[in-house]
Amino acid sequence: MTDDTPSLATPYRTHTCGQLRATDAGSPAKLSGWVHRRRDLGHLIFLDLRDRHGITQIVVDRTEQPEAHAVASRVRTEFVISVDGEVARRLEGTENPKLPTGDIELRVADVTLLSEALTPPFPVNEPNAQIDESLRLKYRYLDIRREPMQRRLLLRSRLVQAIREVHHANEFVEVETPLLIKSTPEGARDFIVPSRLQPGTVYALPQSPQQLKQILMVAGIDRYFQIARCLRDEDLRGDRQPEFTQLDLEMSFVDEGAVMDFVERMIIEVSRATVPDRPIQEDPFPRFTYDEAIDRFGSDKPDIRFGMELVDLGPRLVDPSGAPASGFRVFDETLASGGRVKAVVAPGMAGLTRREVDELTERAKRFGAKGLAYLALEPGGEIKSPIAKFLSEELTRSIVEEAAANEGDLILVVADQAEVVAEALGRLRVELGGRLGLADPDVLAYCWVHRFPMYKWDPEGGRWDATHNPFSGVVPDDEDLLVTASGDPAKPSPDDPAGRARALQYDVVLNGWELGGGSIRIWRRDLLERSFGLQGYSLEQMRERFGAMLDAFDYGPPPHGGIAIGIDRWAALFSRQTNIREVMAFPKTQSGADLMLDAPSPPDPEQLAELGLRFVGAPRNPGA
Ligand code: ASP
C-alpha cells in the first residue's frame, strides 16, 4: 500500500477483500463482502469473501468459535456477510500465488449475516463460464459482479478519467449540453419525446451535440469537450447501440492539422494511461487520404496491423496503347467498362482445398463481387489456376510478379466496378488476415483517414448527400467545386463539379474500427448556404432545421472544428472485445430492449392522455 491510497475503511470493514498481505499477519481485521465460494470440511469452513477489490480466504473453526461456525454453516454463495478476526499466515504449502491476498487468511471470531441471496441463475464465480447473453442482461447486477465485467468497467472508468485529465490539462472546458433538443441530424432516425406543456410538439433526443458545440464556439468557449450521450434510432449491430457515449470536442481558431495534432497527442496519452502494456504501432499516426485507403486496403477504416495490401493488376493486363489485352474476357470487359482488376495475396494459403476456395468465393459474392478468380503458387513454382488457360504463360508470370507472391501463396482476384472490388477484397483481406493470425492482438494500430468525398449523389432524392456531416467544410482548393453543372443551385445533377469536392473530414481508425470522426466546419455563411443548397435544403428548410446555428453564425462565428470519438468502441478495443455491449453496464439487445428493466414497455393510459397521444395500430396498445 502506498501512502496516497485512500482508506476504504467503514464501520463494516477495516480493509477491503483485496488488501491484506503477509505483513498484516497477527493484526485484527474486519471484512465485508459476498461469499464467492464455500468449502465445508465439517469442523472447518472455508469461505472466499469477495468485493470489487479482491478475494480473501476466511476460516471458521467450530471448536474455537462455535457461534461463528453456526452462522457460517448457513451461508451460501452470494450471501453478504461481515467477518471479524485475526489475519494469519497460511500454512506453508497452502498459499495461493494467484491471489494477491494468497499468503494469508482471516481466522474469524465473528460472522454476521447481512443479506441472503437466492441461488444465482448462473455461476458468478467462474469467469470463463459460457452464459447465455440474454440471461446475463436480465441479471446484469450478477453479471457485473463477475470478474470479466468488473475488469472491463474499471478499464472504462480509467479511460474516461484519462480523457478528462488530458482535456483539462489542455485548457478544454467541460460543458454539458441538453438531451431535450431539436433534431441534430447525423444520418440516423431521431428518438422523439412528446411535450406535455406544448401538446402536439416533440423534442428530439440528440444524435450528437453537434449544433450546440458549434454554437459554443460562437459563444467563445474556445475549447470544449464533453463525455456525451448520443441517441440514434437505428438498426443495431455489434458496434452500435441506440444510446452510446462519445468524447465530443470542438476547438476554435484551428485548421485540420491543429485538430488532428491535438487529437493524436490526446489519444496517445489516454492510451498510455489506460492500457500501458499495449504498444502503439506508429507514432505519429499514418495519414491516408480516403482514395489511398480504398486503393491500398479496400476500406476507409483499414486494419494496418498487417500488410496484404490490394494490388492493381490493371497495368499488366493492357497493351502499350492502354487497351485491355489479357485475353481473358472477364478481365478485358471489366477494364473496358471502366472497372478494376485487383488482387490480394494470402500468404501460405496455396494449399486450400477446392471446397475452401468455393467458400471464399461465396464470401466474395456476399460482399458484392460476381466471382473470385485465383492463382495458387504451388511449392516448386507450378501455378495452379482455373483462369491460367485463358492467359498466356508470360502474363500469368507477370501477374504473380506484380502481386509479389511467393511459393505457397494464394492470389485472389476480383474484377468489377471499383467500389465492388474494394469492398470484396477489403473484406477478404481482413477476414484472411484474421484467419492467418497476422493481426497482433496486443498492438494498437491507429491511423487517420481524411480527404473524404464531400458528397454522395442520392439518385432518389435527386440531390447531394453529405457523406459525413452536413456541417463539414470543404478542402480550400475545392471551394470552387461547390456548384452545379446547370449553374442553378436548385438543380443539382450527378455530373456536378460538387461530386469531386473533398471534405475537411477526418476519421481516426483503430485496428480496423472507425473510432471517431470529425471535421473543420463550414463557418463562412456563403459556403454554408451553398453546401446546404447542394444537399437539397431550401433556405426555409435550412432555417427550420438549423435555424439556431445559422442565427448564431450571424454574430461572428470563429473558424472551428472538432471530432467525436466513440468511447464504447474505444473501451471495447482496449478490452479486446468485438461487441460494445461487453463494455457497457446496461446495454440493450439487438431489438433495442433492456431485459433487466423491461423497457420499452407500454405507457400508462394517463400518460398518453396527458400528452394527447393515442397509439394507432400498435400491437400492444394499452389504451385499446
Ligand atoms: N458530430 C459528429 C458525430 O457525432 C462528430 C463531429 O463531427 O464532431 O459523428
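Since every read-out is calculated from the coordinates, none of them should be taken as a lab result. These figures come from a predicted structure and were not determined experimentally. FYI the Cβ positions are ideal-geometry reconstructions off the backbone, even for glycines, and counts take in every protein chain you see.
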Mean separation of Cα contacts under 8 Å (at least 6 apart) over the residue count of the range 349-488, i.e. the relative contact order in percent, is 20
Given unit charges at Cβ for Lys, Arg (+) and Asp, Glu (-), the dipole magnitude of the range 321-463 about its Cα centre in debye, nearest 20, is 440
Taking the dipole of the range 454-570 about the Cα centre (Lys, Arg +1; Asp, Glu -1; charges at Cβ), the one of P459, V508, G547 that reaches farthest to the positive side is V508
The alpha-carbon center of the range 5-33 and that of the range 417-486 are separated, in whole Å, by 55
Among the range 572-602, those whose backbone N falls under 20 Å of a label point 7 Å along Cα→Cβ from E176 are 585-586
Answer in debye to the nearest 20: the dipole magnitude of the chain about its Cα centre, from +1 Lys/Arg and -1 Asp/Glu charges placed on Cβ, is 1600
Restricting to Cα pairs under 8 Å and 6 or more apart, the percent relative contact order of the chain works out to 13
Using alpha-carbon coordinates alone, the radius of gyration and Dmax of the range 1-153 in Å work out to 15.6, 46
Rounded to whole angstrom, the alpha-carbon centroid of the range 269-313 lies from that of the range 45-71 at a distance of 52
Residues whose built amide H sits under 5 Å from the amide H of L515, excluding neighbours closer than 5 in sequence, are V508, V509, L510
What the 10 Å binned alpha carbon P(r) of the range 359-453 shows, as percent of pairs per bin from 0, is 14, 37, 35, 12, 2
In whole percent, the Cα-Cα distances of the range 185-336 spread across 10 Å bins from 0 upward as 8, 19, 28, 19, 14, 9, 2, 0
Rounded to one decimal in nm, the spacing of the 7 Å Cα→Cβ label points at R240 and E116 is 4.7
Taking a ≥ b ≥ c as the square roots of the eigenvalues of the Cα gyration tensor, with a/c under 1.5 meaning rounded and otherwise prolate when a/b exceeds b/c and oblate if not, the range 281-381 is oblate
A student applying the Cα gyration tensor rule (rounded when a/c is under 1.5; otherwise prolate if a/b is larger than b/c, oblate if not) would label the range 46-107 oblate
Protection proxy (average C-beta count within 10 Å per residue), highest first, orders 425-432, 209-216 as 209-216, 425-432
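For the chain, what is the mean residue ellipticity at 222 nm derived from helices alone (per DSSP H run of n ≥ 4: -39500 (n - 2.57); sum divided by total residues; nearest 500 deg cm²/dmol)? Let's see the in-between values first.
On the way: 15 runs with 167 residues, N = 624.
For the chain, the value works out to -8000 deg cm²/dmol.
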Honestly the chain on the Cα gyration tensor test (a ≥ b ≥ c root eigenvalues; a/c under 1.5 rounded, otherwise a/b vs b/c for prolate or oblate) is just oblate
Residue span E147 to T94: 0.36 nm per residue of separation minus Cα-Cα distance leaves a gain in nm of 16.8 nm
With 0.36 nm assigned to each residue of separation and the Cα-Cα distance removed, D551 to A25 gains 182.4 nm
Once the in-chain neighbours fewer than 8 apart are removed, the lysines whose Cα is under 26 Å from K98 read K30
Output ordering of 350-357, 20-27 (per-residue mean of other Cβ within 10 Å, highest first) is 20-27, 350-357
Applied in sequence order to the range 257-274, the curve 6.51 cos²θ - 1.76 cosθ + 1.60 (Karplus, θ = phi - 60°) yields integer Hz couplings, x standing for Gly and Pro, of x, 5, 5, 4, 5, 4, 4, 5, 5, 4, 4, 5, 5, 5, 5, 5, 6, 8
Taking every C-alpha to C-alpha distance in the range 489-624 and binning by 5 Å from 0, the per-bin percentages run 2, 7, 10, 10, 11, 10, 11, 15, 15, 7, 1, 0
In the range 222-330, the chymotrypsin sites (Phe, Trp or Tyr not before Pro) that sit in a DSSP loop and have at most 13 other Cβ atoms within 10 Å of their own Cβ are F253
